[in-house]
Structure formats: C-alpha cells, structure tokens
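Trainee: Please see the structure below; I have some questions.
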Amino acid sequence: MNLKLSERLLLIAESVRGEGTVADIGTDHGYIPIWLIQHEACRKVILSDINSGPLEKARGNIRRHLPDVSLDIRQGTGISVLQDGEADAVIIAGMGGILIRDILAENEEKTKSFPKFILQPRNYARRLRTWIEKTPYLEITDESLAREGRRLCEIITVEQTEFAQTEQVRRRKDTAEKLKKKLEVSEDLEREIPLLYYAESRMHSLDFVRRKIRQESEIIERIRRNSNAENDDAAARMRRSENRLAQLRRIEEYALSGREFTVSENFRNER
C-alpha cells in the first residue's frame, strides 16, 4: 500500500518529482524518500539525519512500506554526508531557518554543487530568505504554503543561479518591485510575505496574511497596555508596528480584490 503524506510533505515531495537523485537531510521518519520510491518519482534517494533514533524510525518505515528495497541511509550533519554534486535536489525541511542557513553557508563549494534545494523552515524564514538574496549563486524560484495542524508551513524552492530560469526570475523580480511600490511594502515585510510575488495563486495565502495581521495587532495592544506612551522606545516600537499593520492591510485588500497573489497574465502563461 502506498504511503499517504501530509499536505506539507506532499508539496515537498512533488517539488522534487522528476529529479535524478534526491537527498532528504534530517529525514526523521523517512516518509518523503519512501513516497518518492513508491511513485517512481526519482531515480535514487539518500536519507540522512544527525541522530541515530530518527534513522531507526526511518529503517522501520522502509521495512514496512518497501520491504524489498534497500535505500541509502547515512548519519551525519547537514550536507556534509553528501559528496559534491551527488544529488540533483536537496531537501532540508522541518528545521529552523537559521540552522538551514548555517548548513548551506558552512561549505560554499559543496552548496554550489547541488542544482536545487527545497527548504521548509519552521521559523526565521525571513532571515533565511535575506541570506539567500545576498548569496549571488542562489535564486528563490518558487514559494508555497502547506497547512500542518494549526501551522502554515512555508516551502521555498531555491536553485543555483546558473540553472534557474533566468528570464522567469527576472520577470518575477520586476513584478515584485512594481507591487512593492504600488502597495508601499518594505523590504523586510516583503521577505515575510513573498507569496505575493509568485505566478500561481496559493492555498492558504490570505490566511497567512491575516495571521500576520492578528500578530501585529496583538503586539500593538501589548505595547499600549504595558508601556508608557511617552517612552521614546515604546513610541518607536508602536510606530513600527502600526506601519507594518498598515502595509499588511494593503496586502490583504490587494488579495481580496480578485488578483490574489498573482502576477501578470503574460508571465503566468509563459510558465
């Protein structure tokens, strides 16, 4: 019986369908590699984790779902378990955004050797995106959201600049710049809500923005409740939060206008 994946894991797995060799770093239960093999979605998979416990769970699941298949299982830290260029796509999912950044930044030459990454940070996604944007050999080429329980998980597709569809990336950046100016969105907030700038409407996008609105509204209420309005630091934090909230409201209005998180028809038709 084929393994059924959660929405988050299925989106990640579908993002590497058709790749030759896929490495799942921090595989935990091994569900994505099992699904890829069951669906003949790639030629080979490599599973790795820093701890032996998750790898034992993965081995048990492999025996259960793929009793006649031997998979490449490795224990180690990050992408250090891989040889340069050994994988066509590398998945790093379920870790903190800062840890993912550090894994990729630790060995630049090794990171450069893999054409594609699927990254799913549990937190600090903005910091991860900021690092990617400042890294000249990497490009963010797609974004999506997946619901897992009460969480909305951000999934970021990153490719080597030389392998990325450069015309597509250029058009996305042009669209992002126009929308950013139109909606008066700051760069920091743009990195928190990049789904605004991708060609296909995404499930959960409006919910994602509204969660940000609720969070910022709660921050404003806490500042009002706990701070002296005449305190310079409190006043500065209040201005910052009110400005962010106004930007988020403009993004919400744009999403509700019928143009929900899309770019031009011409760009969409060229994909």
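The values are calculated or read from the model by the stated rules, or taken from the named source; none is laboratory data. Since this is a predicted model, take the numbers as computed values, not measurements. When we count neighbours, we look across all protein chains shown, and the Cβ atoms used for this are built from the backbone with ideal geometry, even at glycine. Note: areas computed on protein heavy atoms with side chains; ligands, DNA, RNA excluded. Shrake-Rupley method; radii C 1.70, N 1.55, O 1.52, S 1.80 Å.
Trainee: Rounded to whole Hz and in sequence order, give me ³J(HN,Hα) for the range 129-146 from the Karplus expression 6.51 cos²θ - 1.76 cosθ + 1.60, θ = phi - 60°, writing x for Gly and Pro.
Mentor: Once θ is set to phi - 60°, the couplings for the range 129-146 become 4, 4, 5, 4, 4, 8, 9, x, 9, 10, 9, 7, 10, 6, 9, 8, 10, 9 Hz.
Trainee: Would you please give the residues with an amide H less than 5 Å from that of I46, counting only those at least 5 places away or on a separate chain, with H modeled from the backbone geometry?
Mentor: Amide H neighbours of I46: V22, A23, D24.
Trainee: Hey, how much of the P(r) for the range 73-167 falls beyond 17 Å, as a percent of Cα pairs?
Mentor: The proportion of pairs with Cα distances above 17 Å equals 47 percent.
Trainee: Treat the range 52-95 as a sphere of radius equal to its Kirkwood radius over Cα pairs and apply Stokes-Einstein at 20 °C in a medium of 1.002 mPa s; give the translational diffusion coefficient in µm²/s, rounded to a whole number.
Mentor: In µm²/s, the coefficient rounds to 176.
Trainee: Check which residues have an amide H placed less than 5 Å from V16's amide H, if you skip close sequence neighbours.
Mentor: none
Trainee: How big is the range 43-118 along each principal axis, measuring the range of its Cα positions in Å and listing the largest first?
Mentor: Cα extents, longest axis first: 37, 25, 18 Å.
Trainee: Moving to a separate point now. Among A255, Q168, V45, whose Cα sits farthest toward the positive end of the charge dipole of the chain (+1 at Cβ of Lys/Arg, -1 at Cβ of Asp/Glu, about the Cα centre)?
Mentor: Comparing the listed Cα positions along the dipole, A255 ranks first.
Trainee: Would you report the distance distribution of C-alpha pairs in the chain as whole percents per 5 angstrom bin, up to the bin with the largest distance?
Mentor: 1, 5, 12, 15, 17, 15, 12, 9, 7, 4, 2, 1, 0, 0, 0
Trainee: Of all accessible surface on the range 21-163 at a 1.4 Å probe, what whole percent is carbon and sulfur?
Mentor: It is 44 percent, rounded to a whole number.
Trainee: Then there's this: Hey, can you grab everything whose amide H is under 5 Å from the amide H of T161? Only 5+ residues off in sequence or another chain; H modelled, so Pro and N-termini drop out.
Mentor: Under 5 Å from the amide H of T161: L138, E139.
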